[in-house]
Amino acid sequence: MTYCIKPGCLTPENLDSAHFCQTCGERLQLKERYRPLRPLGSGGFGRTFLAVDEDIPSQPYCVIKQLYLANSAPETLPKAKELFQQEAIRLDELGKHPQIPALLAHFEQNQQLYLIQDFIAGLTLSEELKQQGHYNEEQIWELLRELLPLIRYIHSHRVLHRDIKPANIIRRQDDGKLVLIDFGVAKLLTDTALLQTGTIIGSPEYMAPEQLKGKAFWASDLYSVGVTCLYLMTQVSPFDLYDTFNETWVWRDFLPPETQISDRLGKILDQLTHASLKQRYQSADEVITDLTPAISPPVGTHFINLWQPKTRKIKRNSLTSEVGIDYQRLKQLLATHKWQKADEETWIVLGQACGKFPGYYLKLSDIQELPCEDLRTLDQLWMKYSKHHFGFTVQSRIYQEVEADYPSFCDRVGWSIHNPRVPDTAYQFNLKAPAGHLPSRRWVGGYYDWWRHAEVMAAKLEQCGL
């Protein structure tokens, strides 16, 4: 079926082979490329449709988002288009994260504004809940561990989602990762806009009190994360979990009989969902800090306390660390020439050395704060077991040889120039790779100056006397 998305079309269903709507005569394909199949949802700001991209041989699925302008006053249209352009730019930036749908296109057609995004195959958490039943404590921990770094990422780009709920979180079918969708209601934020009263956006059940009054803050998204957890544990509407007479959450009364929630998790959920904005967590980083002691290390990785003050040196078999990290696993992987696993482990321990949440992409400022002793240990391990073919100092030497020309550096080490978010298949995990090819740069974050990581790492190595 091909679906007509012209607003007001009374009979939008058409044959697959149709090019024009049989009812209203509207051209069915957008940009002579995107063919709508069926509606996915609608709201005050627009409609979404499942579609196929017929310009690509495999005809992959995608999502069409149509900005609804039918009731807009003519004088507001220029401003709406300006905001649409700004939002498209920001969505393009956000979509570079592997757990946010990529923006494929944005355009105006027939006086309607459109966004085209990746289609994410999988179940929403609402659908998963119906199939598998309520979440237990460990599942809530796992949800928070994966979702909060994603919230931190969008907030770092000065975007509020404003509609976080189980229906807007998809567990991707391919790899089981959580994907945050429906940024159609996200609004760009400026330093002044944070305190301005605006339109109420979102789902009332999951919205913070200040958001119901038309104001939203970073803590408002965190409130929605907390309420999402309460619903997943109880399968009870958030409206029923809150005692409006006594102005308090009573979610513990609705837990299934066999469900036990620890005091630690309960306190975190209580602070996430505190009615008072001042008493609530103010940033995702604050929540992640409270989550950290409860996080088990990745399988095969052993460390003492990576959040202890950076004053104590711990030495194990000559593998020294200023922050108590055990590099034995990395040593074993490198000694057995398991280069890909060693590259993955390097990302993990780099994050630990900076005191960051697992999977955190390091920024330039993080590189500058790396403890010298840990950087020396990492570099020496890579150098030793690759016979000086791989390592940070090898990369730094090459960077200096090409006179700090990043494209030339990438060419020498065998990396692509532009996008740091390249898959494992883009790397060669063997000694036939060019000198300096590993460790990879998969851990590098920041979409404006990520390419400067080689420069900053070289400066850090020099500072550390390496």
Item to complete: Please work out which one of (1) at pLDDT 80 or above; (2) surrounded by fewer than 20 Cβ atoms within 10 Å (Cβ to Cβ) is the condition PRO74 fails and give its number.
Response: (1)
Practice prompt. Could you check, for segment 367-388, whether at least one of its residues is assigned to a helix (DSSP H, G or I), in the same structural domain as SER440 (by TED's automatic domain parsing) and more than 18 Å from THR320 (Cβ to Cβ)?
Written response: yes
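Residue by residue, here is whether (1) touching a Phe, Trp or Tyr at 6+ places or on another chain (Cβ under 6 Å); (2) buried (at least 19 other Cβ atoms within 10 Å of the Cβ); (3) under 30 Å from SER203 (Cα atoms); (4) modelled with pLDDT under 90 holds:
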site	(1), (2), (3), (4)
GLY8	no, no, yes, yes
THR23	no, no, no, no
GLU26	no, no, no, no
GLN29	no, no, no, no
GLY44	no, no, yes, yes
TYR61	yes, no, yes, no
ILE64	yes, yes, yes, no
ALA70	no, no, yes, yes
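Do you know which of the residues in segment 405-419 that are surrounded by 17 or more Cβ atoms within 10 Å (Cβ to Cβ) and either β-branched (Val, Ile, Thr) or not in a loop (DSSP other than H, G, I, E, B) (or both) is nearest to the chain's Cα centre (by Cα)?
CYS410
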Worksheet item: Quick one: is PRO309 outside any loop (DSSP other than H, G, I, E, B) and either over 26 Å from PHE239 (Cα atoms) or modelled with pLDDT of 90 or more (or both)?
Response: no
Item to complete: Hey, can you tell me all the residues within segment 25-66 that are within 25 Å of the chain's Cα centre (by Cα), over 23 Å from LEU123 (Cβ atoms) and not in a strand (DSSP E or B)?
Response: PHE45
Discussion item. Just to verify a result, which residue in segment 312-351, among those that are in a strand (DSSP E or B) and farther than 12 Å from PRO371 by Cβ, is modelled with the highest pLDDT?
Written reply: LEU319
Worksheet item: Using beta carbons and a limit of 9 Å, which pairs, at least six apart or on different chains, have the first residue in segment 219-244 and on the phi > 0 side of the Ramachandran plot and the second one part of a helix (DSSP H, G or I) and at pLDDT below 95?
Response: GLN235/LEU129; GLN235/LYS130; GLN235/PHE254
Discussion item. Condition check: in the same structural domain as LYS432 (by TED's automatic domain parsing), outside any loop (DSSP other than H, G, I, E, B) and under 23 Å from GLN99 (Cβ atoms). Does THR393 satisfy that?
Written reply: no
Practice prompt. Test LEU466 against the criterion of being at pLDDT below 90, out of contact with any Gly (no Cβ under 8 Å at 6 or more places or on another chain) and crowded, with 16+ Cβ neighbours inside 10 Å, and give yes or no.
Written response: yes
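The values are calculated or read from the model by the stated rules, or taken from the named source; none is laboratory data. Here the structure is a predicted model, which means the values were calculated and not measured. Neighbour counts are summed over all protein chains in view; Cβ atoms, including those assigned to glycine, are modelled from backbone coordinates with ideal geometry.
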